[in-house]
Amino acid sequence: MISLSNLKPAKGAVRARKRVGRGPGSGYGVQSARGSNGQKSRSGYSHNRGFEGGQMPLVRRLPKRGFTNIFRREYNVVNLGDLDKCGLDEVRIADYFEKNLARRPQLDIKVLGDGTLTRKMKIQAHRFSKTAVEKIQKAGGEAVVLQGDES
């Protein structure tokens, strides 16, 4: 029977550590399995990520494309179909996180119009898409736009 007291690795799975620099008779003397000369054979050698031995690195060989918009705003995105399933008549900011509809509390919440709304709901969010507002109003509900950190 196997227990913690008699566990051992499979036969051949564990090998003895390679002891380098212990003379020519060991087979790993002289250059200690590091090859002949050069930077890699010295102690303390380390290289940067992407270093290609002095060749122009791939990251610098490829052309630059596009740009990064520094004014971009990110949102927690929630679909109307998911709000319909959550079973609430009024959805506040805290409810998005309790029901796992949104994950990052530091970001504002934007409601998109994907899915259908089958009942009247009052929904609070920082942003709404046009189709989301149309669907909420068509179902007899209300879309409440919040400013900043209100909840």
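The values are calculated or read from the model by the stated rules, or taken from the named source; none is laboratory data. Nothing here was measured: the structure is a model prediction, and the numbers come from that model. Cβ sites come from the backbone with ideal geometry, for glycine too, and all protein chains shown count toward neighbours.
Points to keep in mind about this one:
- Among the residues of segment 38-64, those that are part of a loop (DSSP other than H, G, I, E, B) and under 23 Å from the mean Cα position of the chain (by Cα) comprise Arg49, Gly50.
- Only one entry in Ala94, Ala33, Ala102 is touching a strand residue (DSSP E or B) at 6+ places or on another chain (Cβ under 6 Å), surrounded by 10 or more Cβ atoms within 10 Å (Cβ to Cβ) and either in a loop (DSSP other than H, G, I, E, B) or small (Gly, Ala, Ser) (or both), namely Ala102.
- Of the criteria (1) assigned to a loop (DSSP other than H, G, I, E, B); (2) farther than 30 Å from Gln106 by Cβ, which one Phe67 fails: (2)
- Test result for Val30, in contact with a helix residue (DSSP H, G or I) (Cβ under 8 Å, 6 or more places away or on another chain) and assigned by TED's automatic domain parsing to the domain that holds Gly115: no
- Evaluated against (1) of a type in the set (A, V, I, L, M, F, W, C); (2) in a loop (DSSP other than H, G, I, E, B); (3) surrounded by 11 or more Cβ atoms within 10 Å (Cβ to Cβ), Val78 falls short on exactly one condition, (2).
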